Every structure is written in structure tokens, then in C-alpha cells.
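S.K.: Dropping a structure here in C-alpha cells format, bear with me for questions.
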Protein chains: 2
Amino acid sequence: MSSLSANNIFSPLEPESFTDESKTVIDFIADYYRNIETYPVQGNVKPGYLSAQLPKTAPYCSESLEEILKDVTDSILPGLTHWQSPNFFAYFQANASTAGFLGEMLCSGLNVVGFNWISSPAATELESIVMDWMGKMLKLPSSFLFCGTGGGVLHGSTCEAVVCTLATARDKALEKLGVCEYITKLVVYASDQTHFTFQKAAKLVGIPSSNFRALTTSVSTEFSLSPEKVRAAIEDDIKSGLVPLYLCATVGTTGSGAVDPLQELGEIAREYKLWFHIDAAYAGSACVCPEFRHYLDGVELADSISMNAHKWFLTNMDCCCLWIKQPKLLVDSLSIHSEIMRNSATESNTVIDYKDWQIALSRRFKALKLWIVIRKHGLANLMHHIRSDIEMAKRFEALVREDKRFEMMATRRFALVCFRLKPKREDEGSELNGKLIDAVNSSGKAFMSHTVLSGVYVIRCAIGSTLTEDRHVNELWKLIQEKAQFLLLE
Amino acid sequence: MSSLSANNIFSPLEPESFTDESKTVIDFIADYYRNIETYPVQGNVKPGYLSAQLPKTAPYCSESLEEILKDVTDSILPGLTHWQSPNFFAYFQANASTAGFLGEMLCSGLNVVGFNWISSPAATELESIVMDWMGKMLKLPSSFLFCGTGGGVLHGSTCEAVVCTLATARDKALEKLGVCEYITKLVVYASDQTHFTFQKAAKLVGIPSSNFRALTTSVSTEFSLSPEKVRAAIEDDIKSGLVPLYLCATVGTTGSGAVDPLQELGEIAREYKLWFHIDAAYAGSACVCPEFRHYLDGVELADSISMNAHKWFLTNMDCCCLWIKQPKLLVDSLSIHSEIMRNSATESNTVIDYKDWQIALSRRFKALKLWIVIRKHGLANLMHHIRSDIEMAKRFEALVREDKRFEMMATRRFALVCFRLKPKREDEGSELNGKLIDAVNSSGKAFMSHTVLSGVYVIRCAIGSTLTEDRHVNELWKLIQEKAQFLLLE
């Protein structure tokens, strides 16, 4: 058995075989990148395909890496949707990089669990340092940084960041109200374009679904949240005896890349004493470029802001940055006394225990990954990366505009283009464009997704996979035109 | 700049440099394992040490991997608590393995985001298959498996698993009660030895802290949760007009490795219609061995059970297995309609969309890691791994018992030994043993942690780091004796 060394002692972390086998997997992954364009972007498999290929129970004896990698090649790769393919244009990209991968390897290799300072001081301290780095790159006010009066933490996802800040806002409100039953009176506000995980997070922390306001957006405000609507909804709720709690604004909505007006929304939040969170999951990355930074104007009015480095910042999954103005409030809500965690560093009040800034106790050393991504690229290359994606999206937009059979469906701000094939009759638009997406996706040559904006079915082309180059965008457009031509002839 | 290739195109995921640089990091990590015993187990650094060594802002230009690795060596490694050290005996181990690392590499390299079936069918299907494998290894009833009527999912942490099942139980109860204000009447039950994240999870989902029952345990029940106390607490709460909701039992408590009586607790939960969750985070792994499986007797009465493969199952962070009897209930609570997620596979009702089984939308392909861990070791080696750790703990226990200056403080069931240096006077026990731990830990030669059982300060020696061998246990004991001798002479 390969896991038993020569002297028959089971040694699952022996440095020689660790090195050999790890390098085999490195070569495997490099080959995958080399050949990635040969796979259909979306795996052409049927539900249940894999259970027909794999045993129903675990093996009793060890299997070799060769056998396992053969199964990855034969059974796993054909069933993947290849997010790293240069022809992946769906959802938002999850752009990997060598730097992100190196960071993941170190994180996984060191495998420390930095739940509090003492359990790995470097893990905590590097996270604080890198969160300040990232915050400064985004020109966040110092009220969000450790070098000022706030601080940042790495979560796995925006939903987690929202759960934690919502629970904090909730606990603060209930403490002030003094009646825990009032949890059912708390109301949260967002737009119908806000990511659906916000509603999920609100439900998770016990806000009744009936107290979730998804305010309608329209083409007239470019699908951004209208401050007037927010104010009216708050006033209505107050009149009904409800308690406005939390307002979530988005910089770069999932549907169309819309940007909510932070300044005006922030002023309303301040006026009515709501927690104001900014979800910059997607477009936050772009704000490291001076020419896009204005999308964050008004951030100084927020209580918290999050962005996903794992979307567009060359950081392999997962890595969500959350900054908060008053970390003490977060800690008040999320810390629970535990004897086993007691230690003199914590009691000295001079250290951060990140377990009290997140849901779980356990945490990976993700800061290492973001730190390496930033250092290995440098701000200059990271800006170049954002700009080149946006340039490709601009070119794609121009191609759409040039072809009169198509139309743009939302203002393009970043690297997401929302368009559709013009239907002959409006009520055919949804079916026609659904068919167009299906035709593109089932070709295996590209993968896109859709949304609905003000009731209209829209194709989303999100540009930004790490390996995407001009030629892929050209090929995509040719493919779309070809499939559209076929549909229009039907 | 190293990230720019010869023709001056920025290519952050270019296969040749990916291969070279990744292999450099592999060698770095292998060297770390080779030299791991030369580091003090707990980094000897002071709060704030790292900010004095690193720049306050991100670099504008890219830096080389060599520079970065030099900083890891000079600044990060000295500030780590080395969880992979064979002399790490604190908390519970997070045991890494080559297999777990290979799985992490593939997960990070493929970097797919399998939030629903369509977004990477293989990711979803492999997870379902491996959850059934793992469930069968634990001899879970088929009511928890996909091949039966239940199913499993990989979370990042127990806290997440508990948040999701608690929210599900809460929503089901509130729907039945028909009054959302009754959220403040819901009560959850556990013991004072239940992991503190259970209380945190309850708080997160909106259960008032006053409705959290941490029932006292004592040495008479070996620190396990007494069914009589649970029944009495439930009866009391019902009399007070409260609504018992959820009971959490533990197999292998963090404090002392105690096992709650599942059968009797499960019967009470069934009688009063509480959700019954089993937290087998630590000792679940041991239950793959036939001789320890009896600790799970009664699991058939549970609604959900979780265990952390990242603790004692050679799976690098993070990997928490959650099985649930009625996945539909989980999905009812955690799914939110989103147009962007709509697809025909989901609408056919023949696939699993794991986004509705967890908090976040995003998810890593963790199943690959657990699958490789199981295949590369095989059940035989995994059992051997558990047994050899338990054998070492038995030997350590024997050493404690042989030395009359020490005493065992709880029954040892798995690989956790709770003991203390006998104080001359009972009221000196806490200080004496605190000093003993400090002396051991500050030597840098080993790292242990403590707990308090029924008011008594106890030293925990958790054996199970992957690299720990008999000689390390012998050295630890010698070190403890030496430090104790010194303290007793003071």
C-alpha cells in the first residue's frame, strides 16, 4: 500500500512522498490549465451520472494516486463546469491565479487554526495587516481600518459577512428596545437587485420574511436602489409600529452591475439610525483603480462594507473581506465565554481573537493567500487586470451595439454586459433569449447565464476569467451571432 | 516583474510558471515538515510583533516568490503556533495529511464553485457520493444517507451545521405555532460541556440567550448530559409557557471527551418532539472503528449529526460532515428564489443544489479532499490511525497513573487525557496547574491547553497530531514531570 513506507509504519505526512505526490498533482493541474479549452465549458452529463461510475462504498485498502487521478480525469473533469475556462462568462467569475494557488498551498500545508491570537499569532496579525493593506488600496476611510478606529476580517462569503453584521445590528437594537419579542418588528431594506443571500441572511438571524423589503428598481434609475423609495418604505414601517434596522446597498449588482447611490442612502440610514452595509462583492475589486473609486463615494457613512477577493481579485476560493467601523459591537454579539479559550493574551485586551468576528470557531489562514496575491502581483498588475477585463467588456458591448439584431439592456459599468436578441414581439423575448443561451451553452464552447430585469429576460456576459483574452471574446460573439441567426430563421 | 512573461503580457495563471513556483512552495512546505520539531510549538512573539516587520501598505510593483517565502520564513513561521508539530497537544488536533493536501490542491486548482448542480455537476455528485461513503463507514442508518431517505453535505464548521439545523427546526416550529413572535419562546438544550459554538449558533438564529439551557454535568455522570435533567428542564419550560425546540448531544466533548447517552436523550427528544442533533465533531472519527461504534448507538433517533473530518480524520482544514434525515426541511428553510440561479436541472427536481443546504451561496469543492483522503488511506489505515492515537493516549494515561503526584480527572475514552498535578490544598489546584501548563508551553517543547470540569482546573493532553509518535509522548511526560518537580519544590 502506497501509504505504508518501507518499514511498514503508516506515515500519512512523510516529507519525501509528500513532495513527490504533490508535484505529480501540480503537473496534473498545469496540464488541466493547458488543455482547459478542449473541455466543453459546461459538463455534458446527466443527473446521477457519477454514481454509475464510482463505487457505492469506501475502499478498505489504500489506492494509489495514479488510480485516483485517472478517476479525476475520466469521471470528475467531464462533469465539471469549468470556471477557469477562458470561455466561462456566467454568473461572476471566480478568477484563480498562481499567486492565489500558492497562498492556498501554504495555508493548507501549515494547516494552523487561528481562532484566537494565541492559537497562531502570525495568522491573526497577518490578517489584520492585510485587511489594512486592502482597505487602503480601496481608499476606505481610516474609520474602517485598524490603523484608525475600525478593523477588517476575512470571511468565506458575503452571506456570512451579512449574517454577522445583521446579528450585531439586531442585538444592538434589541438591547436598546429592551424587549426581545421586538425581533419580529425589525425591518431590513434592500433592492430587488440585491443579492438573494441578503434575504437568506436576514431569515437566518430571525427577521421574519414579511419584514424584508426588496424595493423595486427600474431602468429609469439604471436598476439602482432609489433613496426616495427607501425613505418612503422606512416612513411606512415606522407608521406601522415597525423598527427599521438595516439597509444594504450594492456596488455592482449581480443582475446588471448597478451601483446604488451610497451617499444618499447613507444619509437616510444615518437619519433613521439604521445599520448601513455596502455589499461590493463583485465591483469592490474595481475600486482599487482611481477611475472607479468614485463608486465607493459615501462609504464613510457605512457601518460595514464587504467585497469578495475570490471573485475578481485573482484570489482562489474562498476569500471575502469585511470591514467594520465598530468591531466592538461585532465582538459583543459574537463572543461567548469558553474556559478552554481563556488565555492571558486575550485577557490583556491587546490582541484580536477572530473567532469573535465570524460565525465559526475554526478558521483557515486565508490571510496568507490574500497577502501573496497582493505582493506577487502588486497594485500595478492588479489594476491592469481589472482594466483589461473592463476593456474586453467594452469591446463586447461595442460588438453588441454594432449588430442591430441585438440590444443592450443595462448600462455597462464594469465587466458585465447585459444584452438580448431583440424579439419580434415583446412576449417572445424570454423564450427567444432562453433558447439563445441554451444554444450557446449546449455547444460547450462558452457558458453564460441570465437574469430578469424589470420583468425582461436578459443575457448576462460576465468577462473576467483569468485566462480570457480578446480572442475568446471574439469567438463568443461569433458563436452568439451564429446561434442567433439560426434562431431568427426558425 | 516576475508576473510578466517574456512578451510583456500579464499572465497570472500561465502553466509553466505555475508549475515552477508551485513546486518551489511544495519543497518549502516539505522542508517545514522536516524541520517542524525545531520550532517552539507556540510562537514566542508579543502582540503586535508582525506590524513592526511588514510594510504598512501594499506594494505597487510585484514581488518575487523568493522575497515572499523569505518573509514567511523570517516573519510568519516564528509567530505560528505549529498545529502540525508532533508536540502539539492542545485543543483538538487538526491533523493534516498528504492526501488531504492533494485534495486541497485539486480543489483550489480547479477552483469551481458548485453552488448548484448545473454550476459543476461533478462537485455536487461527488459530495453526495462521499457523504454516503462516510456515513456508511460510521454505520449511520440509511435514513441519513442518499441511498436511503436522507442525505449529507460538507460544511466548514460545526457551528455552521448547527446554525443551519437550528434555523430549520426554528422555522418548522414557528410555522406550526403560526405566530412569529414565538421565536422568543423557543428553548434549546445542551450541557455545560457542549461546545460553546452551540450557544453562539442559537444566539445567531435569534433564540434569546435566556432560552439557552446549559445543564450542569458532574463527575458522577462522567461529565455527560443527564437525561433526567433534560426531562426536568423541558417540563419546567413547558410549565412556564415556553416551547422546547432543539436538543444537542455530544459524542466526545471538548472538555473531557465525554459521551452523552444518545439513546435516552433521543427518546426524550422524540417524546417532546424536539429536534435532536448529535455533535460528534471530535469523536465521530473514532466511530469508524467497530470497537468504538457503540458510542453512536441511538443515532437512529437523531434528526441530524455532524462530525469534523478536519479534526481527526487526516483531512486538512476545513471539512465538517453534516447528515440530515429530512433534507427537504433544510432546503425549505435555506432556499431563496433567485432568477439568476434558475435552470432546467433544478426545475426537474432530480438534482441537489447544495446552496440550499448551507449558509453561503459560494462553496469550494471540498468533497474532492475527503474523497482522496478516504481512497488514498483506505478504511484500514484510517482505523489504524485512530487506534494508534488512542493507544498513545492509553500509554500517557498509564504514565499519569503511575506517578502519585498526578491524578486523572476524567474517564479517558478516546485520545484526550484530562489530568492534573495534585495540589496540597484544593484551592491551590488552579494556580498550580496553570503554572504547570505555562511552564510546559513556554518551554516551546510542547503545547497543551486546559479546561475546568465541575469547577476544577484540569490539564488537557489531546494526542493525535499526524506526526506524533511514541517518543513525543514520552518526551512530553518527561517535560511535565520535570516542570512539576520544579513547581513542587517552590
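What follows draws every value from the coordinates through simple rules; no lab data is involved. Predicted model only: the values in this text are computed from it and were never measured. Cβ atoms come from the backbone with ideal geometry, glycine included; neighbour counts cover every protein chain shown.
S.K.: Just to be sure I follow the rule: in the stretch B:3-160, considering lysines 8 or more places apart or on different chains, how many pairs have Cα atoms under 25 Å apart? Kindly include the intermediate steps, with their values, before the conclusion.
M.R.: Working: B:K23/B:K70; B:K46/B:K56; B:K46/B:K70; B:K56/B:K70.
Lysine pairs, 8 or more places apart or on different chains, close enough: 4.
S.K.: What is the local net charge at A:V179, summed over the other residues whose Cβ is closer than 15 Å to its Cβ (Lys, Arg +1; Asp, Glu -1)? Before the final figure, lay out each step's value.
M.R.: On the way: positive: A:R170, A:K172, A:K176, A:K185, B:K185; negative: A:D171, A:E175, A:E181, B:E181.
Neighbourhood net charge equals +1.
S.K.: Let me ask something else. In peptide B:342-353, what is the residue-averaged number of other protein chain Cβ atoms found within 10 Å of each Cβ? Write out the running numbers ahead of the final one.
M.R.: On the way: counts 5, 3, 2, 2, 0, 0, 1, 1, 3, 3, 1, 0.
Going residue by residue through B:342-353 and averaging, the value is 2.
S.K.: Right, next: Select from B:V243, B:F365, B:I268 the residue farthest towards the positive end of the dipole of the stretch B:237-376; place +1 on Cβ of Lys and Arg, -1 on Cβ of Asp and Glu, and compute about the Cα centre.
M.R.: B:F365
S.K.: Here is a further query. Given only helices, namely DSSP H runs of n ≥ 4 each adding -39500 (n - 2.57), what is the per-residue ellipticity at 222 nm of the protein assembly as shown, to the nearest 500 deg cm²/dmol?
M.R.: Numbers: 28 runs with 392 residues, N = 980.
Helix contribution divided over all residues of the protein assembly as shown: -13000 deg cm²/dmol.
S.K.: Moving to a separate point now. Under 8 Å for C-alpha pairs, at least 6 residues apart: give me the relative contact order for chain A, rounded to a whole percent. Intermediate values should be presented prior to the final figure.
M.R.: Numbers: 876 pairs, mean separation 107.2, N = 490.
That works out to 22 percent.
S.K.: Where Lys and Arg each count +1 and Asp and Glu each count -1, what net charge lies around A:I359 among other residues with Cβ under 13 Å from its Cβ?
M.R.: 0
S.K.: About the Cα centre of chain A, what is the dipole size in debye to 20, counting +1 per Lys and Arg Cβ and -1 per Asp and Glu Cβ, all else neutral?
M.R.: On the way: 49 positive and 57 negative charges, 175 e Å.
Approximately 840 debye in magnitude.
S.K.: Percent antiparallel among DSSP beta bridges with both residues in the stretch A:113-364, to the nearest 5?
M.R.: Values: 11 of 27 bridges.
Counting DSSP beta bridges with both partners in the stretch A:113-364, the antiparallel share is about 40 percent.
S.K.: Using modelled backbone amide H atoms (1.01 Å from N, in-plane), which distant-in-sequence or interchain residues come within less than 5 Å of A:L215's amide H?
M.R.: HN-HN under 5 Å from A:L215: A:A190, A:S191, A:D192.
S.K.: What is the extension gain from A:E475 to A:V219, computed as 0.36 nm multiplied by their sequence separation minus the C-alpha to C-alpha distance, in nm to one decimal? Before the final figure, lay out the partial values.
M.R.: Details: separation 256, 0.36 × 256 = 92.16 nm, distance 2.98 nm.
Difference between extended and current length: 89.2 nm.
S.K.: Any aspartates and glutamates with Cα under 15 Å of the A:K239 Cα? List them, leaving off those in the same chain fewer than 8 positions away.
M.R.: Of all the aspartates and glutamates, none pass the test against A:K239 - Cα under 15 Å, at least 8 places apart if same chain.
S.K.: Just the number, please: percent antiparallel of the DSSP beta bridges in the stretch B:217-334, rounded to the nearest 5. Don't skip to the answer; put the middle values down first.
M.R.: Working: 6 of 14 bridges.
About 45 percent, rounded to the nearest 5.
S.K.: Between B:E235 and B:E402, what length in nm is gained on full extension when 0.36 nm per residue of separation is reduced by their alpha carbon distance?
M.R.: On the way: separation 167, 0.36 × 167 = 60.12 nm, distance 4.58 nm.
Roughly 55.5 nm would be gained on extension.
S.K.: Ranked from highest to lowest mean number of other Cβ atoms within 10 Å per residue, what is the order of the peptides B:449-459, B:125-135, A:235-245, B:160-170? Walk me through the intermediate numbers first.
M.R.: Numbers: B:449-459: 19.0, B:125-135: 24.8, A:235-245: 15.5, B:160-170: 26.6.
Put in order of decreasing packing, that is B:160-170, B:125-135, B:449-459, A:235-245.
S.K.: Which shape class applies to chain B: rounded if a/c is under 1.5, otherwise prolate when a/b exceeds b/c and oblate if not, where a ≥ b ≥ c are the square roots of the Cα gyration tensor eigenvalues? Kindly include the intermediate steps, with their values, before the conclusion.
M.R.: Values: a/c = 1.74, a/b = 1.03, b/c = 1.70.
Oblate, since a/c reaches 1.5 and b/c is not below a/b.
S.K.: Something else about it: What does the charge count near A:S338 come to, summing +1 for each Lys or Arg and -1 for each Asp or Glu among other residues with Cβ under 12 Å from its Cβ? Each step should come with its number before you reach the end.
M.R.: Working: positive: A:R342, A:K355, B:K200; negative: A:E339, A:D353, A:D356, B:D192.
Value of the local net charge: -1.
S.K.: Right, something else. Out of residues 5 or more away from B:V187 or on other chains, whose amide H comes under 5 Å of its own, with H placed 1.01 Å from N in the peptide plane?
M.R.: B:V243, B:L245, B:Y246
S.K.: Which listed residue (A:N343, A:L489, A:S142) has the Cα farthest towards the positive end of the charge dipole for chain A, taking +1 on Lys and Arg C-beta and -1 on Asp and Glu C-beta about the Cα centre?
M.R.: Of the candidates, A:L489 comes out farthest on the positive side.
S.K.: Amide H of B:S224: which non-local residues (sequence gap of 5 or more, or other chain) have their own amide H closer than 5 Å, using H built in the peptide plane?
M.R.: HN-HN under 5 Å from B:S224: B:S218.
S.K.: Continuing with this model, one more query. Percent relative contact order of the stretch B:7-82, based on C-alpha pairs within less than 8 angstrom and at least six residues apart? The partial results should precede the final answer.
M.R.: Working: 25 pairs, mean separation 36.6, N = 76.
48 percent.
S.K.: Then there is this: Among the DSSP beta bridges whose two residues both lie in chain A, what percent are antiparallel, rounded to the nearest 5?
M.R.: Details: 25 of 42 bridges.
Expressed as a percentage, antiparallel bridges in chain A total about 60.
S.K.: Only Lys, Arg, Asp and Glu count, each charged at its Cβ (+1, +1, -1, -1), so figure out the dipole size of the stretch A:113-364 about its Cα centre, rounded to 20 debye. Write out the running numbers ahead of the final one.
M.R.: On the way: 22 positive and 28 negative charges, 53 e Å.
Taking the Cα centre of the stretch A:113-364 as origin, the dipole is about 260 debye.
S.K.: Taking the stretch A:276-429, how many lysine pairs are there with alpha carbons less than 16 Å apart, if each pair must be eight or more places apart or span two chains?
M.R.: On the way: A:K311/A:K366; A:K311/A:K369; A:K328/A:K355; A:K355/A:K366; A:K366/A:K376; A:K404/A:K422; A:K404/A:K424.
Close lysine pairs found across the stretch A:276-429: 7.
S.K.: Please name which of A:S218, A:T315, A:N441 has its Cα lying farthest along the dipole of chain A towards the positive end, using unit charges on Cβ (Lys, Arg +1; Asp, Glu -1) and the Cα centre as origin.
M.R.: Sorting the options by dipole projection puts first A:S218.
S.K.: Starting from the Cα of B:T24, step 7 Å along the direction of its Cβ; do the same at A:K394; then give the gap between the two resulting points in nm.
M.R.: With each label placed 7 Å out from Cα toward Cβ, I get 3.4 nm.
S.K.: Could you work out how far the C-alpha centroid of the stretch A:30-57 sits from that of the stretch B:132-162, in angstrom?
M.R.: Cα centroid to Cα centroid, the span is 24 Å.
S.K.: Here's something else I'd like to know. Under unit Cβ charges (Lys, Arg +1; Asp, Glu -1), what dipole magnitude, rounded to 20 debye, does the protein assembly as shown have relative to its Cα centre?
M.R.: Working: 98 positive and 114 negative charges, 190 e Å.
That gives a dipole near 920 debye.
S.K.: In peptide A:194-200, what is the residue-averaged number of other protein chain Cβ atoms found within 10 Å of each Cβ? It would help to have the intermediate numbers written out before the result.
M.R.: Values: counts 0, 4, 9, 7, 1, 3, 11.
Across the residues of A:194-200, the mean count of other-chain Cβ atoms within 10 Å is 5.
S.K.: So if we plug the beta-carbon distance of B:K172 and A:E490 into 1/(1 + (r/R0)^6) with R0 = 56 Å, what FRET efficiency do we get, rounded to 0.05?
M.R.: Working: r = 48 Å, r/R0 = 0.85.
Once the sixth-power term is evaluated, E becomes 0.70.
S.K.: From Cα pairs below 8 angstrom and at least 6 apart in sequence, can you work out the relative contact order of the stretch A:113-364, rounded to a whole percent?
M.R.: It comes to 26 percent, rounded to a whole number.
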